[in-house]
Amino acid sequence: MKAFKRNLRKTTVNNTVFRWIITETSEFFKLRCYNMKSTYVDVYFKWEDYHEVNLNKPSVVEAIIKYAISEGWEYELENKTMVMDVGSQYFIDDL
């Protein structure tokens with residue numbers, strides 16, 4: 001499961017700077033958002049969803065970060081990680 005491509009970007013949510021990276025593999029693509037090296041959220045998408053979710057738009061990534069925070073991601077604490085598999089069409093439509 002070797003990564004094909006990675007892009008590192010930054011965005012601000014709740015006055016906090018988050019770095020985010022997209023990793024593309026042959027099976028899925030993953031969005032990882034973090035503000036500390038040990039605190040991050042991983043969001044996995046299927047390739048079928050690739051055309052419906054534009055992760056190159058900061059507003060989409062900001063919405064995902066806000067959703068993760070609302071689901072209990074404690075982004076201000078060290079070693080707090082969360083993994084989300086967002087196969088739900090409802091979630092994708094909201095983005």
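Of the residues that make up the stretch 60-81, is at least one assigned to a strand (DSSP E or B) and of a type outside the set (A, V, I, L, M, F, W, C)? Before you say what the answer is, go through the steps one by one.
Our first condition is that a residue be assigned to a strand (DSSP E or B); within the stretch 60-81, this holds for 81.
Remaining after also requiring of a type outside the set (A, V, I, L, M, F, W, C): 81.
Yes: one or more hits.
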- Of the residues in the stretch 25-75 that are closer than 22 Å to ASN15 by Cβ and at pLDDT below 85, the one that is surrounded by the most Cβ atoms within 10 Å (Cβ to Cβ) is LYS57
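The values are calculated or read from the model by the stated rules, or taken from the named source; none is laboratory data. The shown structure was predicted, so the numbers you read here are calculated from the model rather than taken from an experiment. When we count neighbours, we look across all protein chains shown, and the Cβ atoms used for this are built from the backbone with ideal geometry, even at glycine.
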